[in-house]
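Just so you know, all these numbers are worked out from the coordinates, no wet-lab data involved. What you are looking at is a predicted structure, and each value in this text was computed from that prediction instead of being measured. In this analysis, Cβ positions are derived from the backbone assuming ideal geometry, glycine residues included, and neighbour counts consider all displayed protein chains.
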Amino acid sequence: MFQIADRTFSSRLLLGSGKFASPLLMQQAVRASGCQLVTLAIKRLELTKPQDDLVTPLRNMHIQLLPNTSGAKNAKEAIFAAELAREALQTNWLKLEIHPDPRYLMPDPIETLAAAEQLVKLGFVVLPYCSADPVLCKRLEQVGCVAVMPLGAAIGSNQGLQTRSMLQIIIEQAQMPVIIDAGLGAPSHAAAAMELGAAAVLVNTAIASSNDPVAMAGAFANAVNAGRMAYLAGLATPQQQATASSPFTDFLATL
Amino acid sequence: MSYHRQWQQQDWQALQLQSRNFSTAQVQAVLSQPKLTLQDFQALLSPAAEPLLSQMASKAQRLTRQRFGHTVQLFAPLYLSNLCANECTYCGFSLSQKVKRRTLSLSEIEQECLAIKALGIDQVLLVTGEHERKVGMDYFCDALPVIRRYFSSIQLEVQPLDTAEYQLLKQLGVDAVMLYQETYNSRAYQHYHLKGKKADMPWRLDAPDRVGQAGIDKIGLGILLGLTDWRADAMMLAQHLQYLQKQYWQSRFSLSVPRIRPCSGGSGVAYPISDKELIQLICAFRLFAPELEISLSTRESALLRQHVVPLAITSVSAGSKTQPGGYSVAPENLEQFSIDDSRTPQQVAAALMQQGLQPVWKDWDGYLGR
């Protein structure tokens, strides 16, 4: 179980809802993953319609919706999107995404921090997507974000934990959940993120773009569990040489 | 430094020669690379790449799915006016063409918007001929607020404008500007564009710079296939794209590679490009620029669209009418070019779903980019 703001989740896998071949396949993948928190792009939603083919089924499955501000290039647009989503979806949860660079979709640290500060004041539960920058993550924590979502690698790149050493520092220093977002291309990447001590991971491309998204969702769920268990059990430290077992330590103990 | 200056340093003939001077082994080597240079791209355009087309296609498809998922955007064009002060030998809207001219009034525009919305379309491409005086900024400033109310995304394909004008259009709701160069070969350009502002090639070449400077979200590039050697033209387009991506890092880019279609009064095609070559060109662009949006219009047949869309295409038009008033006001008028795929948006969407692709009707909103 882990907690974000006032909600407790048993699954540590968050899913994105984009890129699937159909809304139905997205729902099936969500179900197979056991995920309880799904992010969806506000710009994709037809907010004036009473029924939306993304939102309605997720609601029926009792999924916590995490609307995101993708498409926003600055704080102003992100805040506008957030207000729209809060009113239409009746949730103050928000995944804050500001990427002015449409090629690699790198998050803008300056606009993200400014928007996060304002959104918290406006009463939002803010989970910012950000670069794997330990100082930025502390700053986001200070302005009242409930979690941080640093990237493992560029969105959709499937490259795994390219930012590993920075993520280690972020996790070590964080007083709130660290959710590794973006770049996780294989279940083994997700397991590695959880072994580092991440509270959760968010996956979209690797599942949605897979030939069998439902099976892949299950595989990621297993990997997240395995990684978490390994983290709790305490990972063995890699050694340069084989270590002989303990006649000498037994002897030392007698001294 | 504008693109025009960089373009002047290019040697068309050298590009044309180089693009035929690759071995299949070189193409094979390019296909195993994760990141492509301009020279790699040129190899993919070469005749030597043709035997490897199915490999190119499968790599293109993998990159497209990874970047854009199993989705394809749907849009429709809204022709506002066929008035044109240019003389372009391949176009049915040219000044000397004896076609009935029409510019939609505001109430006619509204009627067309409603008809397009009734088709299920939410993303629209506004098209006009190029008539600065009668269909210029004043007209756009009147029309845009009306159109903006109906659609989540507005793309614009009109005459090149200046930076301040683009800035104003951005505020009024333009999300993307399409500026098809037609050809980067100056001699061919002069040959086809006889009269009017369009004959000013540098003004057109630098227009994407001005859109980028104005901070409009998306810039559409394109060449009209059939005017001259497509390989050299594609190379210059790729160079242009690379230049713009570095210069305007906050802009998105889209590509369109229409082939000349028969139009009323138009001449024959001087440099025809085959279906196979068109697919090669599209796949080469996907491999060169995985983030590039690529659209395919109803100029192409339903059969070809069905096979090419899953490989590399991110947006398709559907239910298109290519004359002002074509959806409801005056459906009998002459069109700019004849379309080949006349399926309704719903039929196109159903066909996409059958191929495991999710049709996306909306992916943008009016508050973004203002």
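General remarks:
- Between the listed residues A:ALA219, B:GLN171, B:CYS88, the Cα displaced farthest toward the positive end of the dipole of the protein assembly as shown, a dipole computed from Cβ unit charges relative to the Cα centre, is found at B:CYS88.
- Gain in span if fully extended, B:GLN28 to B:ASP142, counting 0.36 nm per residue against the direct Cα distance: 35.7 nm
- Footprinting exposure proxy ranking of B:LEU114, B:LEU357, fewest other C-beta atoms within 10 angstrom first, gives B:LEU114, B:LEU357.
- Annotation: extensible slack from A:ASP101 through A:ASN222 equals 40.2 nm (criterion: 0.36 nm per residue apart, minus Cα-Cα distance).
- Long pairs among B:LYS276/B:LYS362; A:LYS95/B:LYS362; B:LYS170/B:LYS197, criterion Cα-Cα beyond 27 Å: B:LYS276/B:LYS362
- Taking each residue as 0.36 nm, the span from A:LYS121 to A:ARG59 lengthens on full extension beyond its C-alpha to C-alpha distance by 19.6 nm.
- For the pair B:GLN347 and B:LEU303, label points projected 7 Å from Cα toward Cβ lie 1.6 nm apart.
- Rg and Dmax of chain B, Cα atoms only, in Å: 19.5, 60
- Net charge, B:HIS131 excluded, C-beta distance under 13 Å - Lys, Arg +1, Asp, Glu -1: +3
- Of the residues B:SER295, B:PRO324, B:SER254, the one whose Cα sits farthest towards the positive end of the charge dipole of segment B:241-324 is B:PRO324 (charges of +1 on Lys and Arg Cβ, -1 on Asp and Glu Cβ, taken about the Cα centre).
- The simple Förster model, with R0 at 56 Å and r as the Cβ-Cβ distance, assigns A:PHE248 and A:GLN3 a FRET efficiency of 0.80.
- Projected label points at B:GLU332 and B:GLU50, each 7 Å from Cα along the beta carbon direction, are separated by 4.7 nanometres.
- Working from label points 7 Å from Cα in the Cα-to-Cβ sense, the A:SER210 to B:GLN250 distance is 3.8 nm.
- Of B:PHE288, B:PHE93, A:PHE2, the sequence from fewest to most neighbouring Cβ atoms within 10 angstrom is A:PHE2, B:PHE288, B:PHE93.
- When each of A:GLU141, B:GLU132 is scored by the number of other beta-carbon atoms lying within 10 Å, the sequence from fewest to most is B:GLU132, A:GLU141.
- Theoretical FRET efficiency, 1/(1+(r/R0)^6), r = Cβ-Cβ of B:LEU194 and B:SER274, R0 30 Å, to 0.05: 0.60
- 12 Å cut-off, amide nitrogen to a point 7 angstrom out along B:GLN13 Cα→Cβ, residues in segment B:227-241: none
- Each Cα pair under 8 Å and six or more residues apart adds its sequence gap; the mean of these over the residue count of segment B:3-360 is a relative contact order of 24 percent.
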